[in-house]
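A quick write-up on the structure given underneath.
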Amino acid sequence: MPGVGSTAYPTIETWANLVRQKINDTFKGATGTPGEGRIFTDGAPFTIPILNDCLADFQRELDNASIPTKYNEVFFTQALGNSIPPINSSAGAGTPNPAAQQELSFTGFFDGYQNYPTPFLPPDCLVPKRMWFRTAGSNLNFTEFYPARAGLQSQFQDYAPGEWDWRGYSLFWNGSLVALEMRMRYVQQVAFYGNLSTPLFSTTPIPFKDSISVLSLMGAEKFCAARLPEGATSGLLAKIRTEMDKVINREAKAMQAVRHSRGAYGETGDIFTF
């Protein structure tokens, strides 16, 4: 997230000005300044809630398209003091027990028998995407382990964590006979704005680059939808879809690593040509 005053990201004031332009509310306002608006003002009680709603919608669109703009990573290591202890149960710590599972939640960690305050999930985690592990203190490369297809398989624990399962806003896995270190890649929840004073609008950045066209259209649609008959904002919704697709397509192209080239002269193009 950029610092206050960063020019790399659009500001809340830029967004609010564009929303006013789209809803035709660029009149002089309370201070007589052109463009500050009469209804959609910076200080209106609905302005920041509408912006937060727009940011949530924008992030969901990116996540649904697997665009990693708001992905983050966290490490659970011995050096950080938050490594993963071995599986535990009534059979004893480090003893295989197919009836035991471990849980990492927002409030702490369950080792299969006892609860601990650490480690815990990052508060801004919406959903995990990928997980890796290694033996604690080994300094080896991390090895990926994978999500369960339909719940964790019943198995005797070994020296790997097994599979992971995301349910009830917690991460579960089978557990290991030894302490582990883990790396987690996850979708990061966008930080919403609270009671922000209007003088800070011009220096407070919005955490998405090249998002201002979509976000201002979203803001205009949400403002108008609350005041017009149902279906009256269909044109705005269509524009939002068009602009959102442009953002997604640009990000998707940047992620493409496959090289494309036409076949050599004389190739038949049938299924037996490689």
Fill in the blank from the handout: The correct count of residues that are free of Cβ contacts under 8 Å to residues at least 24 places away in the same chain and within 26 Å of the chain's Cα centre (by Cα) in the range 42-99 is 5
Exercise for the section: Output yes when any residue across the range 57-71 is small (G, A, S) and assigned to a helix (DSSP H, G or I), and no when none is. Expected result: no
Practice task
Tell me which of these C54 doesn't satisfy, since it passes every other one: (1) in contact with a Pro (Cβ under 6 Å, 6 or more places away or on another chain); (2) in a helix (DSSP H, G or I).
Solution key: (1)
Practice task
Specify the residue that is nearest to F120 (Cα to Cα); the eligible residues are those in the range 153-178 that are surrounded by fewer than 20 Cβ atoms within 10 Å (Cβ to Cβ) and of a type in the set (A, V, I, L, M, F, W, C).
Solution key: W166
Fill in the blank from the handout: Y116: passes all of (1) surrounded by fewer than 19 Cβ atoms within 10 Å (Cβ to Cβ); (2) within 28 Å of E221 (Cα to Cα); (3) within 30 Å of the chain's Cα centre (by Cα) but (2)
Problem - Scope the range 96-119; condition within 20 Å of P147 (Cβ to Cβ) and in a loop (DSSP other than H, G, I, E, B); matching residues - result: P98, A100, Q101, S105, F106, G112, P119
Completion exercise
By residue number, the members of the range 77-94 that are over 20 Å from R167 (Cα atoms) and touching a Leu at 6+ places or on another chain (Cβ under 8 Å) are S83, P86, G94
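Just for the range 224-270: of the residues that are basic (K, R), surrounded by 10 or more Cβ atoms within 10 Å (Cβ to Cβ) and not in a loop (DSSP other than H, G, I, E, B), which one is modelled with the lowest pLDDT? Write out each step before concluding.
Filtering the range 224-270 down to residues basic (K, R) leaves 227, 239, 241, 246, 250, 253, 259, 262.
Remaining after also requiring surrounded by 10 or more Cβ atoms within 10 Å (Cβ to Cβ): 227, 239, 241, 246, 250.
Next, from what is left, pick out any that are not in a loop (DSSP other than H, G, I, E, B): 239, 241, 246, 250.
Values: K239: 97, R241: 96, K246: 92, R250: 85.
Applying the filter and picking the extreme gives R250.
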Handout entry: Residues of the range 191-211 satisfying the condition of being surrounded by 19 or more Cβ atoms within 10 Å (Cβ to Cβ) and closer than 17 Å to I67 by Cα
Key = F208, S211
Handout entry: Enumeration of residues in the range 55-92 that are β-branched (V, I, T) and either out of contact with any helix residue (DSSP H, G or I) (no Cβ under 7 Å at 6 or more places or on another chain) or surrounded by fewer than 16 Cβ atoms within 10 Å (Cβ to Cβ) (or both)
Key = V74, T77, I84, I87
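The values are calculated or read from the model by the stated rules, or taken from the named source; none is laboratory data. Owing to the predicted nature of the structure, the values given are computational and were not obtained by experimental measurement. Cβ sites come from the backbone with ideal geometry, for glycine too, and all protein chains shown count toward neighbours.
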